[in-house]
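Some notes on the structure that comes next.
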Amino acid sequence: GRLLHAVRRPDRRQLVVAGLLAILGFGVVTQMRSYEVNDTYAGYRQQELIDVLNGLAGTTQRAEAELARLEETRSRLQSDTSAEQAATEQARTEIDTLEVLAGVVPVTGPGIRVTITEETGQVDIDSLLDTVQEMRTAFAEAMQINGQVRIVASTSFEDGVGGIYVDGTLLEPPYVLDVIGDPATLNGGMVFPEGPVAQLESDGASVQVEELQSLDIESVATPERTEFAQPGSGS
């Protein structure tokens with residue numbers, strides 16, 4: 001009867017003891033589960049554990065070597081890509097420069113405009129050709145005459161009736177020569193003593209030179225297809 005009464009109505013001391021026992025039981029169960037989780041290699045002999053560690057070390061080394069190889073490959077690809085991009089940009093720049101020099105594309109930039117008007121005499125073809133040559137010496141990058149003919153290295157000049165043939169096109173005065181380059185340098189190449197201006201004026205023409213910060217050259221040259229010449233092996 002006393003036991004049944006104690007179970008139905010436990011006093012404070014009994015409750016404390018019951019709580020301690022519950023905590024103790026929970027700790028024991030938790031520790032046993034921990035042992036069950038961590039006892040994977042508990043039954044291994046020493047040599048077996050050493051073999052396991054060696055296997056793990058070998059796997060780590062192989063993974064590190066593969067990582068290093070992949071990083072080296074990535075660096076090489078990045079370097080190759082950068083080199084290829086630099087080479088492509090350089091080639092594109094050279095192509096642009098050659099197209100301008102060959103006169104096959106329209107161009108714009110600062111330069112001068114030379115207007116040659118015949119007044120008391122006819123402009124001599126040699127005077128016009130010398131003017132073009134002086135502009136080349138003054139680092140002209142592009143030239144056109146009368147807005148119709150692009151002047152390049154192969155441009156020809158011939159006397160014509162009422163004007164001058166430039167690359168087979170008859171141009172009549174006044175002759176307007178547009179030149180792209182440094183305006184001050186080009187202007188200096190026209191007005192120096194006994195230079196193009198003096199020579200043209202001695203032919204009976206008046207010459208006006210304008211420095212322009214923006215000049216458009218729209219005419220283009222038609223490149224000639226070579227029949228006999230071929231690029232050499234050193235090109």
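Here is the figure for segment 184-228: residues that are in a helix (DSSP H, G or I) and either more than 19 Å from residue 166 (Cβ to Cβ) or touching a strand residue (DSSP E or B) at 6+ places or on another chain (Cβ under 6 Å) (or both) total 13. Residue-level check: of (1) open to solvent by less than 30 Å² (accessible area, probe 1.4 Å); (2) assigned to a helix (DSSP H, G or I); (3) among the basic types (Lys, Arg), residue 150 misses just (2). When residue 160 is tested against (1) free of Cβ contacts under 8 Å to residues at least 24 places away in the same chain; (2) within 19 Å of residue 103 (Cβ to Cβ); (3) surrounded by 14 or more Cβ atoms within 10 Å (Cβ to Cβ), exactly one condition is not met: (2). Taking segment 121-147 as the range and being open to solvent by 70 Å² or more (accessible area, probe 1.4 Å), among the charged types (D, E, K, R) and over 34 Å from the mean Cα position of the chain (by Cα) as the test, only 126 passes.
For residue 176, the stated conditions hold: it is in a strand (DSSP E or B) and either open to solvent by 40 Å² or more (accessible area, probe 1.4 Å) or in contact (Cβ under 8 Å) with a residue 12 or more places away in the chain (or both). Restricted to segment 188-210, and to residues there that are within 37 Å of the chain's Cα centre (by Cα) and modelled with pLDDT under 95, the residue that is surrounded by the fewest Cβ atoms within 10 Å (Cβ to Cβ) is 188. If you filter segment 106-128 down to residues that are among the β-branched types (Val, Ile, Thr) and in a strand (DSSP E or B), you find that the one that is nearest to residue 216 (Cα to Cα) is 108.
The values are calculated or read from the model by the stated rules, or taken from the named source; none is laboratory data. Remember, it's a predicted structure, so these values are computed and weren't measured experimentally. As a convention, Cβ positions derive from the backbone with ideal geometry for all residues, glycine included, and neighbour counts pool all protein chains shown. All accessible areas refer to the heavy atoms of the entire protein, side chains included, with ligands and DNA or RNA removed. Shrake-Rupley method; radii C 1.70, N 1.55, O 1.52, S 1.80 Å.
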